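Following: one structure in structure tokens, then a few remarks.
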Amino acid sequence: MPYHEYQVIGRRKPTETDKNPKIFRMRIFATNEVVAKSRFWYFINKTQKIKKTAGEILSVNEIYDKKPQNIKNFGISLRYHSRSNQVNIYKEYRDLTRTGAVTKLLTDMGGRHRTTYRRMQIMEVKAVTPKETRRASTRQFHDSKIKFPLPHRVLRAPRKRYDSLFQAKRPITHFR
Amino acid sequence: VMSLFTRFVEIGRVVLVNYGPYEGKIAVIIDVIDQNTALVSGPQKITGVPRHAISFKRMSLTDITIKIERSVRQKALVKAFTEGQVLEKWEKTSWAKKRAARVKRANMNDFDRFKAMLAKKRKSHIVQDAQRKLIKASRTK
């Protein structure tokens, strides 16, 4: 599921006493704007004394990466609810975009910790320099002369109509 | 064990895209993103494959490599691609020739099939002539 990054800006509704309430801005990763707004209120509720009924959203904009063709190392700090307690973790992903990294994060967390989108709070997604990376699995790609074979290759039919259940010959899984 | 492998994922490796919108086109690996993905570029001007991320599962490695820097930009890539004569090298490989032959065969019209039939007849005629001569020569020995 492709995640988008939205910038949601909202505030408490202005009243007679408070003509210009403080404006809050959040960067939310969500699949669509509706979910983004909902998460905005979830977080604002937790951190401020503002409820959705008492507040208003000023704008929701989608944010895009400045350089989506460059590979970055994203260090993601998040807080998630496991079955017994809450955990803070830091994970690293290499990707071209922030949303790509977050999509990887969500599928990874789902696979490793059985958490879902709603049980996680992404605190920070930061593009870190190769020196600042902390995980060996990310560091192994910081090699300008990177070279590895693809040992066991299972080739895929280019189109569904060429996919067959039975084959005349055993497939060759190397040197391709 | 590495010596058993001849084709590696490396920066500058030319690959054939197997799946997706750029299927059948060749591209160059510019960088490796992670275990499953590479950053690949045609270059777009020459092969039509833009700079994008693609899974290793969607590509086949070829024997051709060019010398480029990591994450090189289009201009330098085009230069290295043309200097390395990648397209010419690719067209010469039997792999590319087989692919082209398959496409040609699929696009044959009735006249082409007629011409192919005549050519096959001519070929078998020549082969049978040579065969007859050899049999005759072995018999007279």
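Some observations on this one:
- Tensor-based shape of the range A:3-114 (alpha-carbon gyration tensor, a/c under 1.5 rounded, otherwise prolate or oblate): oblate
- Distance (nanometres) between label positions extended 7 Å along Cα→Cβ at A:ALA54 and B:ASP129: 10.1 nm
- Judged by the mean number of other Cβ atoms found within 10 Å, the most tightly packed of the peptides A:116-122, A:34-40, B:41-47 leads the ranking B:41-47, A:34-40, A:116-122.
- Drop in accessible area of at least 50 Å² in the complex versus isolated chain, residues of the range B:39-73, 1.4 Å probe: B:ARG51
- For the chain pair B and A, the buried solvent-accessible surface (1.4 Å probe, both sides summed) amounts to about 2500 Å².
- With the simple spin-label model, which puts each label point 7 Å out from Cα in the Cβ direction, the B:LEU118 to B:GLU83 separation comes to 4.9 nm.
- Under the Debye formula (equal points on every Cα, no solvent term), log10 I(q)/I(0) of the range A:56-123 at q = 0.20, 0.26 Å⁻¹: -0.85, -1.12
- The mean number of partner chain beta-carbon atoms within 10 angstrom of a residue's beta-carbon across peptide A:147-158 is 5.
- Solvent-accessible area, 1.4 Å probe, carbon plus sulfur percent, for chain A: 51 percent
- Helix A:98-113 axis, angle to chain A major axis (alpha carbon atoms, nearest 10°): 80 degrees
- Distance from the alpha carbon centroid of the range A:113-176 to that of the range A:36-70 works out to 32 angstrom.
- CD proxy at 222 nm, helix term only [per DSSP H run n ≥ 4: -39500 (n - 2.57); per residue of the protein assembly as shown; nearest 500]: -10000 deg cm²/dmol
- Listed residue pairs exceeding 22 Å between alpha carbons, taken from A:LYS22/A:LYS46; B:LYS25/B:LYS45; A:LYS67/B:LYS45; A:LYS67/A:LYS147; A:LYS49/A:LYS104; A:LYS131/B:LYS67: A:LYS67/A:LYS147; A:LYS49/A:LYS104; A:LYS131/B:LYS67
- The range A:1-117, relative contact order in percent, only Cα pairs under 8 angstrom and at least six apart counted: 26 percent
- By definition, a body whose alpha carbon gyration tensor gives a ≥ b ≥ c is prolate when a/c is 1.5 or more and a/b is larger than b/c, and the range B:1-129 fits this prolate description.
- Shape call, the range A:48-176: gyration tensor on alpha carbons, a/c limit 1.5: prolate
- Å² of accessible area per residue within the protein assembly as shown, as computed with a 1.4 Å probe and no ligands counted: 67 Å²
- FRET efficiency estimate (nearest 0.05) - Cβ-Cβ, B:LYS98 to A:LYS169, R0 22 angstrom: 0.90
- Accessible surface of the range B:31-89, 1.4 Å probe: 47 percent of it comes from carbon and sulfur atoms.
The values are calculated or read from the model by the stated rules, or taken from the named source; none is laboratory data. Everything quoted here is computed from the prediction, not taken from an experiment. All Cβ positions, even for glycine, are placed from backbone atoms using ideal geometry, and neighbour counts span all protein chains on display. The protein model used for the area step is the full one, side chains on, heavy atoms only, and it has no ligands, DNA or RNA in it. Shrake-Rupley method; radii C 1.70, N 1.55, O 1.52, S 1.80 Å.
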